[in-house]
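To start, the structure under review is shown below, and the notes come after it.
The values are calculated or read from the model by the stated rules, or taken from the named source; none is laboratory data. This is a predicted model, so every value here is computed, not measured. As a convention, Cβ positions derive from the backbone with ideal geometry for all residues, glycine included, and neighbour counts pool all protein chains shown.
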Amino acid sequence: MSTDRTRDQLAEVLTDPVAAVGLDVEAIEVTQAGKRRLLRVAVDRDGGVTMDDIADATREVSRVLDDSDVMGRQPYTLEVSSPGTDRPLALPRHWRRNRGRLVKATLRDGSTLTGRVTDSDEQRALLDVDGAEHEVRYDDVTRAKVQIEFNRRPDPGTDELAGADGAVDADDADDRDDPDAPDAPVDSVDDRKEG
């Protein structure tokens with residue numbers, strides 16, 4: 001079975017069970033690693049994910065895979081993690097979850113726009129670019145990614161680790177000793193053997 005077909009089948013069987021524990025499946029990747037395969041599943045939710053969320057998702061993904069033959073008989077390693085900051089902003093929920101963060105968007109006309117996400121809805125996001133507000137319609141974006149900020153100063157009136165909505169996300173909470181550390185994905189690994 002092709003990797004693309006396996007990935008599509010995995011998305012089909014995992015999306016609803018993972019949603020039942022309050023998470024979204026953001027990415028599924030299957031790669032060959034010697035005689036085994038590596039299955040990576042990235043999950044997220046509004047406010048970020050915690051280690052408990054990753055553990056819940058790992059248990060649910062493992063249960064679904066045990067009850068299905070989608071991975072076949074070849075052994076595999078399961079890795080469940082948060083997406084981290086390097087994933088592209090491809091859906092409206094990605095923009096919503098990155099409110100307050102610096103984003104670089106490449107538009108259909110070839111121009112780029114770098115600004116802080118101040119608001120978003122299902123069709124567009126608002127970016128603060130040097131104090132001026134710019135509307136970016138998702139249909140006009142060919143690529144958008146969060147920019148890592150090593151020396152970002154806290155917003156006035158918010159917790160040092162808080163985003164624009166005042167919430168501390170899981171990635172920031174891990175960096176309490178080093179607030180200038182870049183976001184790192186939260187993950188869990190489970191070696192699986194089928195057959």
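How many residues, within the range 112-129, are under 26 Å from residue 151 (Cα atoms) and either surrounded by fewer than 17 Cβ atoms within 10 Å (Cβ to Cβ) or not aliphatic (A, V, I, L, M) (or both)? Full working, then the answer.
Step one: list which residues in the range 112-129 are under 26 Å from residue 151 (Cα atoms), which gives 112-120, 125-129.
After this cut, where a residue has to be either surrounded by fewer than 17 Cβ atoms within 10 Å (Cβ to Cβ) or not aliphatic (A, V, I, L, M) (or both) as well, the list is 112-116, 118-120, 128-129.
Count: 10.
Which residue pairs have Cβ atoms closer than 7 Å, lie 6 or more positions apart in sequence or on different chains, and pair a first residue in the range 54-77 that is of a type in the set (Lys, Arg) with a second residue that is not in a helix (DSSP H, G or I)?
Correct list of pairs: 73/194; 73/195.
If I ask for residues that are without any contact (Cβ under 8 Å) to a residue 24 or more places away in the chain and in contact with a Pro (Cβ under 8 Å, 6 or more places away or on another chain), which ones from the range 1-38 would you list?
none
Going by what's in this entry, would residue 46 be described as surrounded by fewer than 16 Cβ atoms within 10 Å (Cβ to Cβ) and either in contact with a Cys (Cβ under 7 Å, 6 or more places away or on another chain) or not polar (S, T, N, Q) (or both)? If you could, list the steps in order and put the result at the bottom.
Values: surrounded by fewer than 16 Cβ atoms within 10 Å (Cβ to Cβ): yes; either in contact with a Cys (Cβ under 7 Å, 6 or more places away or on another chain) or not polar (S, T, N, Q) (or both): yes.
Yes, satisfied.
Just one of the numbered conditions (1) touching a strand residue (DSSP E or B) at 6+ places or on another chain (Cβ under 8 Å); (2) assigned to a loop (DSSP other than H, G, I, E, B); (3) among the polar types (S, T, N, Q) is not true of residue 62; which one?
With respect to (1) touching a strand residue (DSSP E or B) at 6+ places or on another chain (Cβ under 8 Å); (2) assigned to a loop (DSSP other than H, G, I, E, B); (3) among the polar types (S, T, N, Q), residue 62 is out only on (2).
For the list (1) part of a helix (DSSP H, G or I); (2) within 20 Å of residue 3 (Cα to Cα), I need the number of the one condition that residue 55 fails.
(2)
Which ones in the range 80-90 are surrounded by fewer than 19 Cβ atoms within 10 Å (Cβ to Cβ) and either within 20 Å of residue 129 (Cβ to Cβ) or more than 11 Å from the chain's Cα centre (by Cα) (or both)?
85, 88
For residue 122, indicate whether it is closer than 28 Å to residue 18 by Cβ, at pLDDT 95 or above and assigned to a loop (DSSP other than H, G, I, E, B). Even if it seems obvious, please write down each step before you answer.
Working: closer than 28 Å to residue 18 by Cβ: yes; at pLDDT 95 or above: yes; assigned to a loop (DSSP other than H, G, I, E, B): yes.
Answer is yes for this residue.
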